[in-house]
Amino acid sequence: MKRGAGGENLLKADIKICWVMALRSEAMPVIDAFNMSIVSNELLFPVYMNAENDHALVISGTGPAKSAAGATYLKSFLDVKSYAAWINLGIAGYFKEPTGKLFQALKVEHHDSRRAYFPGLRLSKFVDGCALSTVSKPEVNFPDQVLYDMEAAGFCELAPTFSCNELTYVFKVVSDTPFTKASLVTKKVVTNLIENHIGTISKLVGSIGELVKDEKNRLVISHEVNHYLENFQFTNSNRVKFQQIYKKWKSAFPNKTLNALNYTPTSARELITRLEQDLLDEVKDWNLV
Amino acid sequence: MIDTVYVEEKILDHPITKNVIKSVPTADIIKINRYQELFNKRYQNFRLQKKNPSLILAKKYDNFVLPVPSGFGMNAQKNFYFSHMYNCIYDCRYCFLQGMYSSANYVLFVNYNDFFESISDTIEAQTSSSLTFYSGYDCDSLAFDKVSGFSKHALDFFSKQPSVELELRTKSIVTSSLMKRDPIENCVVAFSLSPPKIASILDNKAPSIEKRTIALKQLANAGWPIGLRFDPLIYCSGWENMYSNLIADIMHDLNPSSLHSVSHGPLRFPKKMYKKISSLHPENKLFSFPMIEKGGIVSYGKGIENTMSSFLKMELLKYTTQSKIFRCTV
């Protein structure tokens, strides 16, 4: 695989914010704002990333299937972990003026299948909310009081399975209405529409980043656990048991480390028993903090 | 503050829906078909969703009234519960709702009258038994009352059913709907209580014990029957003094005749539920305690449970009679 500027950072990247965007003209302001570089020109989908701020972006092309495929590709290509957030940002039609307004999609319905998705936590401090309908061709009649796009339902079908629903977000900027025809929306207009909201988008990313941090703290397995898992023979059940008892032990003794126990277990079982005994010894003086 | 309300299309014009929406004027209103579209779905994260839950207004079609699990409740021969709401505005670390649902959004069923009709049918079918109906099983009975207005409807109904009891179980101090009406003899306001230090750590977003104590005494003075619920009992260093002082503080200047019942129960979880809840909060010391699993139930174990239970009973007997003290086992 031929890699570009981001290639050498692929292995050490711990991607936390994943962008899935249909068009290059939509993506460019985000790529610039978060200083992402293209990983390679020769991939199935163009992928950009910044290993310093842990952002990655894929340009999926239009349509729900491509959006889902692009997200899946990004997930597997960068081995994105289950605590990362997934954001679909793009332009959308809306039943009324003005164009240029940014919305958080609170309900995404696939027009053809009628399947509905409810992505994300509400971020009402920064952005208004609205329902969205994903249609197979650009909407010109705007029959309902909702946003109209061509990707979000495909994105919402898969992205929550990579992390969770509360780390999946859809944001749309109104580009066309009954009075502003889609045919007038040039690439430059699209770029400007997104660019105008980079300030708000950065704030949204800040809030989402806090959720990612919270989820990573909950899920991540510490280095010292990995060290013992690599250096001792664990059965599958002992492996799970060790991770569980370690979490309890660490919660009870946050300042202790396994290395500082002055104790060298001869087996995985012995290590688990030692941690269990530490907890039992603490029962009499148990504190809740 | 509720900033998003999802409403089933069929109940958009229901008067309760309209009142609720009026009480959250800045919220976005999103139409849905059925609440199950977004409640308790796969890939939802209770812990994250709890940071900003949305409200879902829905209609319930069946199972309005259900028998309570055995070991729950007082001395009525038959106990039932009804859930006009799923989930709670508080975030108590031991709450079983975290393990019950993958969704922290609040579901409010607006067809209150269907609940009351079903309760009437249950009462008619059980003429030979004493009955108690619990409203605070899947939610706090009063905490959401400013938005739902449910207690007024429930009290209007139960005031006309003097042969059965209603228990409103709560940690809330939103008691205005009760204080502005005459007390109803068969409606018990039961407060969930823990020692202040424990509550300050575990009862996130809930009113302090000091405030709950003031609220329960105000209701008692106004003539409402009061229940005290020490459930779950939480073990930690110094628990004896903590519970002893808590009981003394509550009983101080509480009119004994206003005390309907006192119950206490152990901290217990079905194994699967414990696994789910503890995985949501692996950093919390409540879940790092070396619990014992027996028969599919995770608990402190019989030793601690019995010691705490006996102690509680001994302390309570200083202030009330044995006939008012109950030990719950679920």
Exercise. Determine whether B:LEU57 is of a type outside the set (S, T, N, Q), more than 18 Å from the chain's Cα centre (by Cα) and within 11 Å of chain A (Cβ to nearest Cβ).
Key: no
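Any residue at all in the range B:13-25 that's within 14 Å of another protein chain (Cβ to nearest Cβ) and over 30 Å from B:ARG327 (Cα atoms)? Break it down into steps so the answer makes sense when it comes.
Filtering the range B:13-25 down to residues within 14 Å of another protein chain (Cβ to nearest Cβ) leaves B:24-25.
Those left that are additionally over 30 Å from B:ARG327 (Cα atoms): B:24-25.
So far as the range B:13-25 goes, yes, one or more of its residues are within 14 Å of another protein chain (Cβ to nearest Cβ) and over 30 Å from B:ARG327 (Cα atoms).
May I ask you to say which residue of A:LYS81, A:LYS125 is more than 14 Å from every other protein chain (Cβ to nearest Cβ), part of a loop (DSSP other than H, G, I, E, B) and under 21 Å from B:GLN49 (Cα atoms)? Break it down stepwise before answering.
Values: A:LYS125 fails: more than 14 Å from every other protein chain (Cβ to nearest Cβ).
Among A:LYS81, A:LYS125, only A:LYS81 is more than 14 Å from every other protein chain (Cβ to nearest Cβ), part of a loop (DSSP other than H, G, I, E, B) and under 21 Å from B:GLN49 (Cα atoms).
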Exercise. Return only the number of the condition from (1) over 16 Å from the mean Cα position of the chain (by Cα); (2) under 25 Å from B:VAL110 (Cα atoms) that B:CYS139 does not satisfy.
Key: (1)
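In the range A:216-232, is there at least one residue being closer than 24 Å to A:GLY70 by Cβ and not aromatic (Phe, Trp, Tyr)? Steps first, please.
Applying the first criterion (closer than 24 Å to A:GLY70 by Cβ) to the range A:216-232 yields A:216.
Then drop every residue that is not not aromatic (Phe, Trp, Tyr), which leaves A:216.
Checking the range A:216-232: at least one residue is closer than 24 Å to A:GLY70 by Cβ and not aromatic (Phe, Trp, Tyr).
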Exercise. Look at A:ALA22 and say whether it is at pLDDT 95 or above and of a type outside the set (Lys, Arg).
Key: yes
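Each row is one residue, and each column tells you yes or no for (1) under 13 Å from A:PHE171 (Cβ atoms); (2) β-branched (Val, Ile, Thr).
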{"site": "A:THR99", "(1), (2)": "no, yes"}
{"site": "A:LEU106", "(1), (2)": "yes, no"}
{"site": "A:ARG114", "(1), (2)": "no, no"}
{"site": "A:TYR117", "(1), (2)": "no, no"}
{"site": "A:LEU123", "(1), (2)": "yes, no"}
{"site": "A:LYS137", "(1), (2)": "no, no"}
{"site": "A:PRO143", "(1), (2)": "no, no"}
Quiz prompt | Residue in the range B:276-286 that is part of a strand (DSSP E or B) and touching a Phe, Trp or Tyr at 6+ places or on another chain (Cβ under 7 Å) present | solution = no
Exercise. Would you be able to tell me the number of residues in the range B:287-310 that are closer than 21 Å to A:ASP278 by Cβ, of a type outside the set (Val, Ile, Thr) and in a helix (DSSP H, G or I)?
Key: 2
Quiz item: Given the structure, is A:ALA131 buried (at least 19 other Cβ atoms within 10 Å of the Cβ), at the interface with chain B (Cβ under 10 Å from one of its Cβ atoms) and closer than 21 Å to B:ILE29 by Cβ?
Solution: yes
Quiz prompt | Tally, over the range A:144-162, of residues that are away from chain B (no Cβ under 14 Å) and either at pLDDT below 95 or in a loop (DSSP other than H, G, I, E, B) (or both) | solution = 2
Quiz item: Could you say whether any residue in the range A:201-213 is over 30 Å from A:THR99 (Cβ atoms), away from chain B (no Cβ under 11 Å) and modelled with pLDDT of 95 or more?
Solution: yes
Quiz prompt | Any chance B:TYR6 is assigned to a loop (DSSP other than H, G, I, E, B) and over 30 Å from B:GLN126 (Cβ atoms) | solution = no
Quiz prompt | Given (1) at pLDDT 95 or above; (2) buried (at least 21 other Cβ atoms within 10 Å of the Cβ), index of the condition B:GLU37 fails | solution = (2)
Self-check item: Filtered residue count, the range B:76-96, keeping only those that are among the hydrophobic types (A, V, I, L, M, F, W, C), at pLDDT 95 or above and outside any loop (DSSP other than H, G, I, E, B)
Solution: 2
Exercise. Report yes if some residue within the range A:248-267 is in the same structural domain as A:PRO143 (by TED's automatic domain parsing), surrounded by 12 or more Cβ atoms within 10 Å (Cβ to Cβ), aromatic (Phe, Trp, Tyr) and in contact (Cβ under 8 Å) with a residue 24 or more places away in the chain; otherwise report no.
Key: no
Self-check item: Residues that are within 10 Å of the chain's Cα centre (by Cα) and more than 9 Å from every other protein chain (Cβ to nearest Cβ), drawn from the range A:163-179
Solution: A:TYR169
Quiz prompt | Criterion (in a helix (DSSP H, G or I) and modelled with pLDDT of 95 or more) met by exactly one of B:ARG229, B:ARG212 | solution = B:ARG212
Quiz item: Are any residues in the range A:244-267 more than 10 Å from chain B (Cβ to nearest Cβ) and either closer than 15 Å to A:GLU224 by Cβ or modelled with pLDDT of 90 or more (or both), and if so, which ones?
Solution: A:ASN255, A:LYS256, A:THR257, A:LEU258, A:ASN259, A:ALA260, A:LEU261, A:ASN262, A:TYR263, A:THR264, A:PRO265
Practice problem: Go through (1) over 18 Å from the mean Cα position of the chain (by Cα); (2) not in a helix (DSSP H, G or I) one by one and return the number of the condition A:LEU106 breaks. | Solution: (1)
Quiz prompt | In the range A:201-218, the residues that are more than 28 Å from A:LYS247 (Cβ to Cβ) and surrounded by 17 or more Cβ atoms within 10 Å (Cβ to Cβ) | solution = A:ILE201, A:LEU204, A:VAL205
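Can you give me the number of residues within the range A:268-289 that are more than 14 Å from every other protein chain (Cβ to nearest Cβ) and surrounded by fewer than 15 Cβ atoms within 10 Å (Cβ to Cβ)? It would help to see each step written out before you state the result.
Taking the range A:268-289 as the starting set, the residues that turn out to be more than 14 Å from every other protein chain (Cβ to nearest Cβ) are A:268-271.
Applying the additional criterion that residues be surrounded by fewer than 15 Cβ atoms within 10 Å (Cβ to Cβ) yields A:270.
The number of residues fulfilling the criteria is 1.
Kindly provide the set of residues from the range B:282-300 that are of a type outside the set (S, T, N, Q) and closer than 13 Å to A:TRP286 by Cβ, ordered by number.
Filtering the range B:282-300 down to residues of a type outside the set (S, T, N, Q) leaves B:282-283, B:285-287, B:289-298, B:300.
Selection gives B:LYS285, B:LEU286, B:PHE287, B:PHE289, B:PRO290, B:MET291, B:TYR300.
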Quiz item: Is it the case that the range B:242-250 has a residue that's surrounded by fewer than 17 Cβ atoms within 10 Å (Cβ to Cβ), at pLDDT below 95 and either in a helix (DSSP H, G or I) or within 14 Å of another protein chain (Cβ to nearest Cβ) (or both)?
Solution: no
Quiz item: Hey, any hits in the range B:254-273 for a residue that's out of contact with any strand residue (DSSP E or B) (no Cβ under 7 Å at 6 or more places or on another chain), within 14 Å of chain A (Cβ to nearest Cβ) and modelled with pLDDT of 95 or more?
Solution: no
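The values are calculated or read from the model by the stated rules, or taken from the named source; none is laboratory data. In this text the structure is predicted, and so the values were computed from the model without any measurement. Please note: Cβ atoms are built from the backbone with ideal geometry, for glycine as well, and neighbour counts cover all protein chains shown.
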